[in-house]
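Below is one structure, written out as structure tokens; comments come after it.
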Amino acid sequence: MTRHFLDICDLTAEELRAIVDDAHARKRLRRDWPKGKPDADAPAKDRVLAMIFQKNSTRTRFSFDAAIRQLGGRAIISTSNDMQLGRGEPIEDTAKVLSRMVDAIMIRANEHDDVVRLARASTVPVINGLTNASHPCQIIADIQTIEEHRGAIEGKTLAWISDGNNVCNSLIHAAARFGFTLKIACPAAYKPSQAAMVFASESRAHVTVTQDPQEAVRGADVVLADTWVSMGDLDHDERLAAFQPYQVNADLMKLAKDNALFLHCLPAHRGEEVTEDVIDGPQSVIWDEAENRIHAQKAILAWCFSAPSLAD
């Protein structure tokens, strides 16, 4: 059976724990190695990863390219506009062709449904590199980062102070699977998707939504923020006005635990969703979080290839 990585909620808690543990192990075992040197097990030796981008990318593009190289394989990178996909070729046809040419496909897509359709028609693993609905790869790196600094994430309290966007939706899925409490603060017009909240309810996850950022942050172990205007958002001015009360600053961080971490998936707009003294301050672990995209992607790829975990 082909292993796709499309959403956190598609995997069991055991599968996700194995991926995060493998990410920890892969980072630990190659400390101070040159970044181009393959891992000792090289589980993707001679494999090829196709990477398709419908949206701009820095961290996803470079981390997946570095990841497949460190696993012993290589990548072919293209934007959809450079492919027949950009001229109207059905995504199912693209999936069938690429399945004959590469060993896995990572796609950053505008529409989540396109990724689902690609996966249904593909005979090789498909990985969701971000859609309008979710961003599961980012959440694996976030959990790895939190556990590096504060130990097991189970039982922790995370506060999401931002838009109820794709990253937030995947964080909701993760709260159910990893057993942490998630408090979301966002304007009423920018709540998480109804589907994500239904999943949280049916999974009996500890997820709450409020319009009060102080309430969400109080006593939190981790505070997370995201840009107020994401790629594709056309209501720029309306968003800036609505999110003004949701800035993560020093006063807000004081309501969290004294040793609370600050995370941001980047890119960040200093002075908007977060102040410089927070994102560049001692509680911020954003550079570890960005680096961990490589190790998380490697663990995801290894899982898709059914490679043995280095954590075993």
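The values are calculated or read from the model by the stated rules, or taken from the named source; none is laboratory data. If you're wondering where the values come from, they're calculated on a predicted model, not measured in any experiment. These area figures cover heavy atoms from the full protein model, side chains too; ligands, DNA and RNA do not enter into them. Shrake-Rupley method; radii C 1.70, N 1.55, O 1.52, S 1.80 Å.
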* To do: For Leu261, enumerate residues with amide H under 5 Å from its amide H, sequence gap 5+ or separate chain, H modeled in the peptide plane.
  => Val222, Val223
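Could you please state how large a percent of the accessible area of the chain is carbon and sulfur, counting protein chains only and using a 1.4 Å probe?
48
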* How much accessible area does Glu215 have with a 1.4 Å probe, in Å² rounded to the nearest 10? -> 100
* To do: For Val207, list long-range residues whose amide hydrogen, built 1.01 Å from N in the peptide plane, is under 5 Å from its own amide hydrogen.
  => Leu182
* Asked: From the backbone phi of region 139-147, what are the Karplus-calculated ³J(HN,Hα) couplings (6.51 cos²θ - 1.76 cosθ + 1.60, θ = phi - 60°) in whole Hz, Gly and Pro given as x?
  -> 6, 4, 5, 5, 5, 4, 5, 4, 5
* Amide H to amide H, which residues 5 or more places from Asp41 or on other chains are under 5 Å from it, using H placed in the peptide plane? -> none
* Asked: Using θ = phi - 60° and the Karplus form 6.51 cos²θ - 1.76 cosθ + 1.60, what ³J(HN,Hα) does each residue of region 68-77 get, whole Hz, x for Gly and Pro?
  -> 5, 5, 5, 8, x, x, 8, 10, 10, 10
* Structure fact -> Pairs over 21 Å Cα to Cα, from Lys35/Lys96; Lys37/Lys298; Lys156/Lys257; Lys183/Lys257, come to Lys35/Lys96
* **Per residue value of the accessible surface for the chain (all protein chains in place, 1.4 Å probe), Å²** => 44
